[in-house]
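For reference, the structure discussed in these notes is given below.
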Amino acid sequence: MNSKQMLTVVEHYCRNVASTSEYIKITRIADQKTMLIEQSGESGRAVMLSEYKVDGITCWAGFSSRSQTVYISLA
């Protein structure tokens, strides 16, 4: 997922609080998180979140290609 697609997903979530998209899953995680460990069986994978500002709302979001999931944390 490129940065433009990511921004579109984050804007849609912040404006509509919609946790679904046509192609990817959107999961809200605990507030003020900037990193997430995504568990997959016995191993884990770090998902780094980037800061986004939408209509005065600051949030952190990151994409996992393994699970096709965008993780969003409000600041």
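Would you call Leu36 touching a residue at least 40 places away in the same chain (Cβ under 8 Å) and within 12 Å of the chain's Cα centre (by Cα)? It is false that Leu36 is touching a residue at least 40 places away in the same chain (Cβ under 8 Å) and within 12 Å of the chain's Cα centre (by Cα).
When we screen Thr34, Thr69 for residues that are out of contact with any helix residue (DSSP H, G or I) (no Cβ under 6 Å at 6 or more places or on another chain) and surrounded by 15 or more Cβ atoms within 10 Å (Cβ to Cβ), the only hit is Thr69.
Of Met1, Met6, all but one fail to be of a type outside the set (Val, Ile, Thr), touching a strand residue (DSSP E or B) at 6+ places or on another chain (Cβ under 7 Å), under 14 Å from Gly62 (Cβ atoms) and assigned to a helix (DSSP H, G or I); the exception is Met6.
Checked across the range 46-62, the condition of being loosely packed, with under 14 Cβ neighbours inside 10 Å, without any contact (Cβ under 8 Å) to a residue 60 or more places away in the chain and of a type in the set (A, V, I, L, M, F, W, C) holds for at least one residue.
Here the range 1-22 is the region considered, the condition is being of a type outside the set (Asp, Glu) and farther than 15 Å from Val54 by Cα, and the residue that is modelled with the highest pLDDT is Asn2.
The values are calculated or read from the model by the stated rules, or taken from the named source; none is laboratory data. All values derive from a computational prediction rather than experimental measurement. Because the Cβ atoms are built from the backbone with ideal geometry, glycine has one as well, and the counts that use them run over all protein chains shown.
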